[in-house]
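Some notes on the structure that comes next.
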Amino acid sequence: MARVSQEHLDARRRQILDGATRCFSRHGFHSASMQDVLREVGLSAGAVYRYFTSKDELIAAIATEALATVRAAFERAAAEHPPPLPDVLLTQTLGDVLAGGLLGDGPGAGDELEFPRVALQVWAETLRNPELAKALRQGFDEMHEAWSAVVGAYQEAGLMRADVPADRVARTLMALAQGFIAQQALFGDVEVDQLRDGLRGLMSMTEPGTA
């Protein structure tokens, strides 16, 4: 029997994840059945179950990939020293995430609503799935650490007051990103430029008598 290459295995796994993501984005985690996923992917049940033994396992894999997508976009945007200011950093990170989505170059790539819709479902799913909640918490903690390092770089460069705990600023910036993703999923008409302009307005504020 011919040995299947790792490249083929990786491509087949990618095909399954892309199809499941499209399916879940349209129908939701709970409305979509594994039969729906199989039809979307175009593979037999045996072929899919070789990689993922259940729908929950598929959801967990998609959630892990979503976190990795956000982190990779953030790391690209934050590579400068000092990092770009929050209005640029958040806009660039979210713009990259929305443009790239979770599907790479596959069918459906470029759909800016796909990532927010899936992300919102992942967050809701953690309320009933302890294993997924654990994975999401780990990803959140890793992102929080990375954002805290960026805030520390702002403070070291004299761009931000040093008396505000970096971890609290990081949590606030992450909340802004999550809020933007939620609005995009729910309403679909929120552009990253709106977030950029709003942040610039907030960043321009000064206390009375200090200007």
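Okay, residues lined up against (1) surrounded by fewer than 18 Cβ atoms within 10 Å (Cβ to Cβ); (2) among the acidic types (Asp, Glu); (3) in contact with a helix residue (DSSP H, G or I) (Cβ under 9 Å, 6 or more places away or on another chain):
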position: Val151; (1), (2), (3): no, no, yes
position: Arg161; (1), (2), (3): yes, no, yes
position: Ala170; (1), (2), (3): no, no, yes
position: Ala177; (1), (2), (3): no, no, yes
position: Phe180; (1), (2), (3): no, no, yes
position: Ala185; (1), (2), (3): no, no, yes
position: Leu195; (1), (2), (3): no, no, yes
position: Ser204; (1), (2), (3): yes, no, no
Original post:
For the range 152-205, what are the residues that are over 18 Å from the mean Cα position of the chain (by Cα), part of a helix (DSSP H, G or I) and among the polar types (S, T, N, Q)?
Top reply: Gln155, Gln194
**OP:** Could you tell me whether the range 29-46 includes any residue that is touching a Cys at 6+ places or on another chain (Cβ under 8 Å) and outside any helix (DSSP H, G or I)?
**Re:** yes
**OP:** Within the range 136-149, count every residue that is under 16 Å from Ala77 (Cα atoms) and open to solvent by less than 70 Å² (accessible area, probe 1.4 Å).
**Re:** 6
Subject >> Pairs where the first residue, in the range 38-61, is over 15 Å from Arg12 (Cα atoms) and the second is acidic (Asp, Glu), C-beta under 7 Å, 6+ apart >> reply: Ile59/Glu125; Ala60/Glu131
Original post:
Within the bounds of the range 40-55, is there any residue that is out of contact with any strand residue (DSSP E or B) (no Cβ under 7 Å at 6 or more places or on another chain), under 19 Å from Val118 (Cα atoms) and open to solvent by 60 Å² or more (accessible area, probe 1.4 Å)?
Top reply: no
Original post:
Quick check: anything in the range 139-151 modelled with pLDDT of 90 or more, within 16 Å of the chain's Cα centre (by Cα) and among the polar types (S, T, N, Q)?
Top reply: no
Subject >> Count - residues of the range 62-85 that are at pLDDT 90 or above and either open to solvent by 20 Å² or more (accessible area, probe 1.4 Å) or at positive phi (or both) >> reply: 1
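The values are calculated or read from the model by the stated rules, or taken from the named source; none is laboratory data. Here the structure is a predicted model, which means the values were calculated and not measured. Glycine also receives a Cβ, built like all others from the backbone with ideal geometry; neighbour counts cover every protein chain displayed. We work out accessible area using only protein heavy atoms, side chains counted, and drop any ligands, DNA or RNA first. Shrake-Rupley method; radii C 1.70, N 1.55, O 1.52, S 1.80 Å.
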